[in-house]
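Since every read-out is calculated from the coordinates, none of them should be taken as a lab result. Remember, it's a predicted structure, so these values are computed and weren't measured experimentally. Note: ideal-geometry Cβ built from the backbone for every residue, glycine included; neighbour counts use all protein chains shown.
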Amino acid sequence: MSKYMLIMRGTDESNAAMMANIDEMMATSRQFIEDLFKAGVYVAAEGLDDPGTGVVVDFSGEAPVVTDGPYGETKELFGGFFLIDVASKQEAVEWAKRVPAAPGSKVEVRRVPGEDEAPPRIDGQI
């Protein structure tokens, strides 16, 4: 079994569509989480607050620069995730196809490497 993160990515338009039908979207999301749980693959799921309430810490310069959200030219924003433990990437993709999402949204599927897969530090410490 491997863990996969199903990363919810939305645009201003898809987020507005979701908010317009928030009660239906929340009910569908609760059912999806229940389905994950019943299948024995559920690990965690979280949504994020409005991007306008966040900040970005940018390390491009000599010192970190903090900027309030929203994030200007960002076309897609990370809105939440489902963390599942499944047998294969293909199974993760099949679950991703079932994620309740507004039109225009995307779900990115990324494997979470196990602790034994983390590259060792140069000094041999963890």
Per the Kirkwood definition applied to all pairs of different Cα atoms, how many angstroms is the hydrodynamic radius of region 2-114? 15.3
Under 18 Å Cα to Cα from LYS106, which lysines show up? Leave out anything in the same chain fewer than 8 places away. LYS75, LYS89, LYS97
Gained length - VAL56 relative to ASP35, 0.36 nm times residue gap less alpha-carbon distance: 4.1 nm
Cα-based Rg then Dmax for region 7-73, in Å, read 16.4, 49
Percentage relative contact order, the chain, counting C-alpha pairs under 8 Å, at least six apart: 47
Efficiency of FRET between ALA87 and GLU24 - r from beta-carbon atoms, R0 41 angstrom, step 0.05: 0.85
Partners for LYS3 among aspartates and glutamates (Cα-Cα distance below 16 Å; same-chain residues under 8 apart left out): GLU46, ASP85, GLU91, GLU94, GLU108, GLU115, ASP116, GLU117
